[in-house]
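Take a look at the structure below.
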Amino acid sequence: MGNKILFVASECTPFVKTGGLADVIGSLPQALTKTKKYDVSVILPFYKDMIDNWMDQIEKITSFTVEVGWRKHNTTLFRLIYRDITYYFIGNDYYFSRNGIYGYDDDGERFVFFCQAVVDTITELDLEIDILHAHDWQAGLAAAFAKIALPTLDLKTVFTIHNIKYQGIMQKDAYQDLFNTPPEHIGGMEWNGLLNCMKAGIFHADKVTTVSPTYAEELKTPFFAEGLHSMITDRQDDFVGILNGIDLKEYSPLLDPHLPSNYLNAGPGKQKNKEILQQKLGLTEDPEIPMYVMITRLVEQKGLHLIQAIIDEFLQEDVQFVLLGTGDDEFHRFFYHAEERHKGKMVSYLGFDEAIARQLYAASDFFVMPSQFEPCGLAQLIALQYRSVPIVRETGGLKDTVTPFNEYTQKGNGFSFSNYNAHELLHVLKYSLSIYHNEQKWHSLMRNVNDSHFSWQESALQYAELYHSLAETKSTVQRSEQN
Ligand code: ADP
């Protein structure tokens, strides 16, 4: 098996980010390159915000026409070599020159275009690629189109599910309107009478992965798989969960330029960040008061209904609570009013801000993540790096990375609860507070936190093994012929 891999994704740090997918696409290629076994490049849409920030550094390499059904779109391809990785950006004003990156009525069409443009880029540039690795629904059709349109290239495909909640669903008649693949291929892209980009990726890819071993098991059940569990179990021989890592240099409290006070472990250096942030946010200035923080997309998945149910009671304690997030209006309204009720103890910072996020990881004592489900979760891994103790619900990657502290054995790097229940969360929050106030137990817990590192090293090797195993896989066509 050759060693040239093309990552296809809709976001990637440092160019564009709404969540953890961007962190993964920004760091896994570097980790794979470090194994010296793989040469990874990345292809992304060229969104408006990126044009503003990166235009002077990138190079225009070619233009061509991409067909989306009857539409013919002028498309410009840009390239940037950044930290030894080659990035390709697909530029088209009609689809991507808009504010933000998702949430438009024609998102389905936008990513049909993107995936078609990815496949056209491979032929236009005559790119030598051995493996196309597509991430999440926005890239699912790239795996499908590549298999269908480029059968003569011995191209293997991998599809990674980062979050099955978002599937890229369109009405079935969009197939005729937007797709250039022959009608007989609709079966591989359709699910329950609708077009489904995530299903298309799962169906067509030679291997399917997800981002933690526990989520891989959960996805085989109707409760977690959002209707796709039978599709997953059909592919279970080719399906594996590989835990995400983080770039420990990028997320280092010792090197982070966003922090007023750099530090390695918890102590006066970390405490200084708390003091400065308390002042900046108008919280009571007292470094002894424990600070609980959430940094999250404001969507139901993140356990926000549990927070809604208990926040007033929890804030009766001598604690501070800061939320940084953006998302659904329902939660914007709730957190806005909660701050009003608890001035001086609670701050709701409603927006997306990388610098504030880093300052909060550094200032906080606890990081709260009571997710309903969590494919992997990177925020708790970042929190551990910044020596903020994660408090999580036992699901998906949270279960794989946070071990509850046991005050008798002194083992564990955080706190967790099992059922999606607000009082279980409240109970564990209060328990965490009691440990915070017990010097000896807190010290043991912090020692375990200091030793928790989730780098890419181990997981990159697992991806390398997976890529290696692709040499023996049969193509999709052979698979469906056997069924
Ligand atoms: P998800 O991918 O579901 O959003 P993850 O925990 O995997 O959740 O990743 C979230 C990433 O996005 C983390 O890097 C986190 O720090 C960042 N993040 C989330 N919300 C914000 C925000 N409002 N401002 C800055 N960074 C944020």
If every Lys and Arg gets +1 and every Asp and Glu gets -1 at its Cβ, then about the Cα centre segment 351-483 yields a dipole, in debye to the nearest 20, of 220 debye
What's the magnitude of the charge dipole for segment 184-271 around its Cα centre, counting Lys and Arg as +1 and Asp and Glu as -1 at the beta-carbon? Answer in Debye, nearest 20.
340 debye
What ranking do 161-168, 21-28, 439-446 get when scored by the average of other Cβ atoms within 10 Å per residue, highest first?
21-28, 161-168, 439-446
Among 18, 7, 111, the residue whose Cα sits farthest towards the positive end of the charge dipole of segment 1-112, when +1 is placed on the Cβ of each Lys and Arg and -1 on the Cβ of each Asp and Glu, is 7
Check cross-link reach from residue 147 to the lysines: straight Cα distance under 18 Å, and skip same-chain residues fewer than eight apart.
4, 156, 199, 207, 474
Per its Cα gyration tensor (rounded if a/c is under 1.5, else prolate when a/b beats b/c, else oblate), the chain is best filed as prolate
Once a ≥ b ≥ c are taken as the square roots of the eigenvalues of the Cα gyration tensor of segment 243-316, is the result rounded (a/c under 1.5), prolate (a/b larger than b/c) or oblate (a/b not larger than b/c)?
oblate
What size of dipole, in debye to the nearest 20, comes out for the chain about its Cα centre when the only charges are +1 on Lys and Arg C-beta atoms and -1 on Asp and Glu C-beta atoms?
680 debye
Identify, among 360, 223, 64, the residue whose Cα sits farthest towards the positive end of the charge dipole of the chain, taking +1 on the Cβ of Lys and Arg and -1 on the Cβ of Asp and Glu, with the dipole about the Cα centre.
360
Segment 352-409 accessible area per residue, 1.4 Å probe, protein heavy atoms, integer Å², reads 23 Å²
Which percent, nearest 5, of DSSP beta bridges in the chain are antiparallel?
30 percent
For the chain, the charge dipole (Cβ of Lys, Arg +1; Cβ of Asp, Glu -1; about the Cα centre) points to a positive end, and the Cα of 139, 161, 389 closest to that extreme belongs to 389
Quick one: what are the phi-derived ³J(HN,Hα) couplings along segment 168-174, Karplus 6.51/-1.76/1.60 with θ = phi - 60°, whole Hz, x for glycine and proline?
x, 9, 9, 4, 5, 5, 5
Highest mean first, what order results for 146-158, 201-213, 59-71 on Cβ atoms within 10 Å?
201-213, 146-158, 59-71
When only C-alpha pairs under 8 Å and at least 6 residues apart count, what is the relative contact order of the chain, in percent?
13 percent
Proximal lysines to residue 17, defined as alpha-carbon separation beneath 17 angstrom and excluding residues fewer than eight positions away on the same chain
48
Value at 222 nm in deg cm²/dmol, rounded to 500, when DSSP H runs of n ≥ 4 in the chain each add -39,500 (n - 2.57)
-11500 deg cm²/dmol
How large a share of the accessible area of segment 275-413, in percent, is made up of carbon and sulfur atoms when the probe is 1.4 Å and the other protein chains stay in place?
46 percent
What number of lysine-lysine pairs in segment 261-373 show an alpha-carbon separation below 19 angstrom, given a sequence spacing of 8 or more or placement on distinct chains?
7
Output ordering of 461-468, 381-388, 271-278 (per-residue mean of other Cβ within 10 Å, highest first) is 381-388, 271-278, 461-468
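The values are calculated or read from the model by the stated rules, or taken from the named source; none is laboratory data. What you are looking at is a predicted structure, and each value in this text was computed from that prediction instead of being measured. Every residue, glycine among them, receives a Cβ derived from its backbone with ideal geometry; neighbour counts consider all protein chains shown. Surface accessibility is based on the protein's heavy atoms, side chains included, excluding ligands, DNA and RNA. Shrake-Rupley method; radii C 1.70, N 1.55, O 1.52, S 1.80 Å.
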